[in-house]
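Down below is the structure, laid out as structure tokens.
The values are calculated or read from the model by the stated rules, or taken from the named source; none is laboratory data. No experiment lies behind these values; they were computed from the predicted model shown. Using ideal geometry, Cβ is built from the backbone for each residue, glycine included, and neighbour counts are taken over all protein chains shown. Quick note on the areas: whole protein, heavy atoms, side chains included, nothing else; ligands and nucleic acids left out. Shrake-Rupley method; radii C 1.70, N 1.55, O 1.52, S 1.80 Å.
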Amino acid sequence: MAFQTNNPVIRWIEYRMPIFSFVDHSVGSGYPTPKNLNYFWNFGSLAGIALVIMIVTGILLAMQYTPHVDYAFASVERIMRDVNYGWLIRYIHMNGASFFFIVVYIHIFRGLYYGSYKAPRELLWMLGLVILLLMMATAFMGYVLPWGQMSFWGATVITNLFSAIPLVGESIVTWLWGGFSVDNPTLNRFFALHYLLPFVIFGVVVLHIWALHRFGSNNPLGIDVKGPQDTIPFHPYYTVKDYFGFGVFFIIFAAVIFFAPNYMGHPDNYIEANALQTPPHIVPEWYFLPFYAMLRAVTFDIWFIDAKLGGVIAMFGSILILFLLPWLDSSPVRSSKFRPIYKQLFWVLVADCILLGYVGSQPPEAPWVLIGQLATLYYFAHFLVLLPLLGKLERPKPLPVSISEPVLKGSGPVGASATAKPMEKA
Amino acid sequence: MADIAKSASGGGGEHDGESRRDFLFLAAGAMGAVGAAAVVWPLIDSLNPAADVLALASTEVDLSPVEVGQAITVTWRGKPVFIRHRTEQEIEQARSVPLDELVDPATDESRVIEAPWLVMVGICTHLGCVPLGQKPSEPKGDFGGWFCPCHGSHYDTSGRIRKGPAPLNLVVPEYAFDDETTITIG
């Protein structure tokens with residue numbers, strides 16, 4: 001459906017730069033979308049609104065913040081006490097990071113459950129993982145800026161991970177710090193990068209959506225759209241559904257901001273950074289806990305790889321392995337609805353990730369070390385052993401002929417798409 | 001690209017001209033790559049420690065007020081440095097350990113200049129936390145030295161790693177005795 005208007009101004013602009021038809025094709029009535037999307041498909045737009053909220057509040061905070069070791073902590077306290085609505089803007093930004101990760105993690109697990117990473121959407125999936133890595137870097141550097149005890153010691157522990165790299169590790173850490181410890185040069189560059197990276201994320205989001213629009217959204221049945229009878233226009237059907245999702249999201253977000261703004265934070269970060277005093281128990285923000293658990297799970301040397309490097313490899317490997325997921329999962333069936341065994345393993349993986357998160361929050365003592373090691377082992381086994389085997393051993397349930405068929409019960413123009421049935425299991 | 005393809009298929013009479021063009025193409029490309037690297041290096045190196053950071057790289061410490069059995073922490077290059085005035089018993093304990101029991105073998109003699117004075121960077125070699133054990137109230141670990149609370153590394157009275165995830169002994173910085181009771185670190 002081509003974009004049409006009678007407004008002369010829009011027509012004048014459209015003729016010279018077809019931006020209105022571009023928007024219409026991207027999120028308007030010109031974008032046909034599977035008609036059976038459920039509420040789990042709201043989390044992409046929720047991630048988008050979270051990014052916008054973070055950028056807007058972040059720019060306002062940057063206008064009040066001082067990136068210097070002598071003033072950073074005090075400038076954040078000034079934002080909290082003296083700046084008009086500073087407390088609100090900071091609490092939105094602080095909790096916004098947590099909500100951004102909640103939304104993105106649900107978005108990722110949605111993709112895992114419904115097989116959204118499978119052909120032809122592999123590149124879409126990989127661009128999403130790039131966004132996740134950029135988000136983690138941005139969140140980590142943002143957490144350093146208030147220059148509290150957890151800021152400082154989190155930065156020290158995480159930058160020290162790079163010292164595990166053979167030969168050049170120490171030089172890389174000095175280069176990252178711009179000194180011999182986490183200090184003023186480190187704070188300055190983290191602030192610069194924390195301001196830059198969200199815009200890089202924005203750019204990759206554009207690529208992510210571009211790749212999405214090549215083949216359109218996956219859907220809960222995981223089968224391809226067979227024709228116009230399987231789709232509805234994005235606008236108004238999914239714009240209104242996304243707005244409803246925003247409303248629910250904002251209610252929950254506001255409840256935390258106003259009634260429990262520090263629930264997900266750590267009280268030690270309200271103590272100014274002290275290079276001579278490590279807090280008794282260093283924990284990262286909750287969204288890094290599963291990765292932190294994997295970092296600490298490797299307590300033994302593996303051949304020539306010492307325990308420290310092994311932990312770093314496990315932590316980064318846990319995300320890098322997801323880049324290979326479209327090829328590790330060899331089953332041609334996308335949706336878990338038709339994969340009885342994979343569906344159970346999916347929930348075991350969810351439980352495993354939550355368990356890893358809990359282990360990451362606990363001190364590195366018995367029994368948590370062993371539990372963390374087993375949970376890490378299972379995480380990798382899920383992707384490297386179980387999924388490749390399942391593609392061969394699992395017998396999927398029969399797929400419906402088309403998206404319309406279960407909805408229309410065989411009536412309507414479904415007959416036309418029945419000829420496409422043999423293609424489905426290809 | 002078309003030119004390269006043509007010369008590869010053997011252009012007869014044009015052969016000389018084509019190979020000269022290839023040479024110019026490669027030379028220009030190589031020059032461009034070297035030039036780009038030369039421009040990028042200052043940008044990368046600007047992130048390394050600056051001259052003012054390097055200028056603050058040495059610290060002088062007066063040891064005279066530190067009694068036997070006491071320990072002090074000083075700052076050097078933004079890091080804590082542990083200085084412990086060890087007791088006879090602690091020195092004996094450090095020197096009686098067989099080397100093959102150590103994770104990172106080093107004699108106690110090689111880690112000190114004057115036996116009573118142990119000077120070390122107070123940063124755990126695992127992931128950079130500050131170990132406990134400087135104050136009398138703090139835990140000293142299973143070997144009477146230091147204990148890192150972050151991931152549970154135990155160091156002995158010579159600052160050598162004995163148990164836990166840390167791979168190396170606490171680092172002994174470069175230092176020298178200026179006179180009997182003063183040292184300069186760095």
Report task. Rank B:T157, A:V52, A:V23 by how far each Cα sits towards the positive end of the charge dipole of the protein assembly as shown (+1 on Lys, Arg Cβ; -1 on Asp, Glu Cβ) and give me just the farthest. Result -> A:V23
**Report entry** Peptide-level mean, for B:76-85, of C-beta atoms on other protein chains within 10 Å
**Finding:** 3
Query raised in the report: Using θ = phi - 60° and the Karplus curve 6.51 cos²θ - 1.76 cosθ + 1.60, what whole-Hz ³J(HN,Hα) does each residue of the range A:151-163 get, with Gly and Pro shown as x?
Result: 3, 5, 6, x, 4, 4, 5, 6, 5, 5, 4, 5, 5
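Would you list A:M264, A:M150 from the most to the least accessible area, probe 1.4 Å? Show your work: numbers first, answer last.
Numbers: A:M264 45, A:M150 0 Å².
The ordering from most to least exposed comes out as A:M264, A:M150.
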**Report entry** A:G148 long-range amide H proximity, modeled H, under 5 Å
**Finding:** A:A273
Report task. Take peptide B:126-139, look around each residue's Cβ out to 10 angstrom, count Cβ atoms belonging to other protein chains, and average those counts. Result -> 4
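Please give the charge dipole size of the protein assembly as shown, origin at the Cα centre, charges +1 on K and R Cβ atoms and -1 on D and E Cβ atoms. Round to the nearest 20 debye. Show your work: numbers first, answer last.
Details: 39 positive and 48 negative charges, 763 e Å.
Taking the Cα centre of the protein assembly as shown as origin, the dipole is about 3660 debye.
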Requested in this report: Using a Förster distance of 45 angstrom, determine the FRET efficiency expected from the C-beta separation of A:T5 and A:A137, and round it to 0.05.
Outcome: 0.60
Report task. Could you look at the range A:261-305 and say what percent of its accessible area is carbon and sulfur, using a 1.4 Å probe and all protein chains? Result -> 66
Report task. Name the residue, out of A:S181, A:S116, A:S171, whose mean-square fluctuation peaks in a Gaussian network model built on chain A with Cα pairs under 10 Å. Result -> A:S171
Query raised in the report: So how far, in whole Å, is the C-alpha centre of the range A:1-39 from the one of the range A:221-286?
Result: 29
Query raised in the report: To the nearest 10 degrees, how steep is helix B:15-45 against the longest Cα principal axis of chain B, on a 0 to 90 scale?
Result: 20
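So how do A:F140, A:F22 rank on accessible area, 1.4 Å probe, biggest first, that is with the largest at the start? Present the calculation step by step, with values, prior to reporting the outcome.
Working: A:F140 40, A:F22 140 Å².
Output order, biggest surface exposure first: A:F22, A:F140.
Once the other residues with Cβ under 15 Å from the Cβ of B:T87 are scored (Lys, Arg +1; Asp, Glu -1), what is the net sum? Provide the component values of the computation, followed by the final result.
Working: positive: B:R84, B:R86, B:R95, B:K140; negative: B:E67, B:E88, B:E90, B:E92, B:D108, B:E114, B:D156.
For residues surrounding B:T87, the net value is -3.
Mind checking the dipole of the range A:264-411: about its Cα centre, +1 per Lys or Arg Cβ, -1 per Asp or Glu Cβ, Debye to the nearest 20?
Details: 10 positive and 10 negative charges, 199 e Å.
Rounded to the nearest 20 debye, it is 960 debye.
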Report summary line: Which of A:Y113, A:Y71, A:Y287 fluctuates most in a GNM of chain A (C-alpha springs under 10 Å)? That residue is A:Y71
Report summary line: Computed about the Cα centre, the charge dipole of the range B:88-173 from +1 Lys/Arg and -1 Asp/Glu charges at the Cβ has a magnitude in debye, to the nearest 20, of 340
**Report entry** Computed [θ] at 222 nm, helices only, for the protein assembly as shown once each DSSP H run of length n ≥ 4 contributes -39500 (n - 2.57)
**Finding:** -16500 deg cm²/dmol
Query raised in the report: Angle, helix A:307-320 long axis vs. longest principal axis of chain A, Cα atoms, 0 to 90°, nearest 10?
Result: 30
Query raised in the report: Just B:A38, B:A115, B:A55 to compare: in a GNM of chain B, with alpha carbon springs under 10 Å, which one fluctuates most?
Result: B:A38
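Determine the shape class of the protein assembly as shown: with a ≥ b ≥ c the square roots of the Cα gyration tensor eigenvalues, call it rounded for a/c under 1.5, and otherwise prolate if a/b is greater than b/c, oblate otherwise. Let's see the in-between values first.
Numbers: a/c = 1.89, a/b = 1.71, b/c = 1.11.
Judged from the Cα gyration tensor, the protein assembly as shown comes out prolate (a/c at least 1.5, a/b above b/c).
If you roll a 1.4 angstrom probe over the protein chains with everything in place, what fraction of the accessible area of the range B:140-179 belongs to carbon and sulfur, to the nearest %?
Exposed carbon and sulfur together represent 57 percent of the surface.
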Report summary line: Given Cβ charges of +1 for Lys and Arg and -1 for Asp and Glu, the option among B:I123, A:V83, A:W210 whose Cα lies farthest towards the positive end of the dipole of the protein assembly as shown is A:W210
Requested in this report: Please arrange B:D100, A:D24 by accessible surface area, largest first, computed with a 1.4 Å probe and ligands excluded.
Outcome: B:D100, A:D24
Report summary line: For A:T33, other-chain or 5+-apart residues with amide H closer than 5 Å (H placed, Pro excluded) are A:I232, A:F234
Query - Distance in nm between pseudo-label sites at A:F40 and A:W347 (7 Å out along the Cβ direction from Cα) - result: 1.3
Query - Backbone HN-Hα couplings from phi across the range A:93-109 [Karplus 6.51/-1.76/1.60, Hz, Gly and Pro as x] - result: 5, 5, 7, x, 4, 4, 5, 4, 5, 4, 4, 5, 5, 5, 4, 5, 5
**Report entry** Solvent-accessible area lost in complex, 50 Å² minimum, residues of the range A:301-334 relative to chain alone, 1.4 Å
**Finding:** A:K308
Query - Label-point separation, B:K163 to A:L193 (7 Å along Cα→Cβ), nm - result: 3.7
Query - Normalised contact order of chain B, rounded percent, pairs of Cα under 8 Å and 6 or more residues apart - result: 18
Query raised in the report: Over 21 Å between Cα atoms, which of A:K226/A:K343; A:K118/A:K397; A:K308/B:K140; A:K118/A:K392 qualify?
Result: A:K226/A:K343; A:K308/B:K140
Query raised in the report: Among residues other than A:S116 whose Cβ falls under 12 Å from its Cβ, what is the net charge (Lys/Arg +1, Asp/Glu -1)?
Result: +2
**Report entry** On Cα atoms only, tilt of A:368-381 relative to the major axis of chain A in degrees
**Finding:** 30
**Report entry** Cα lying deepest toward the dipole's positive end in the protein assembly as shown, options A:P279, A:F101, B:A51, charges on Cβ
**Finding:** A:F101
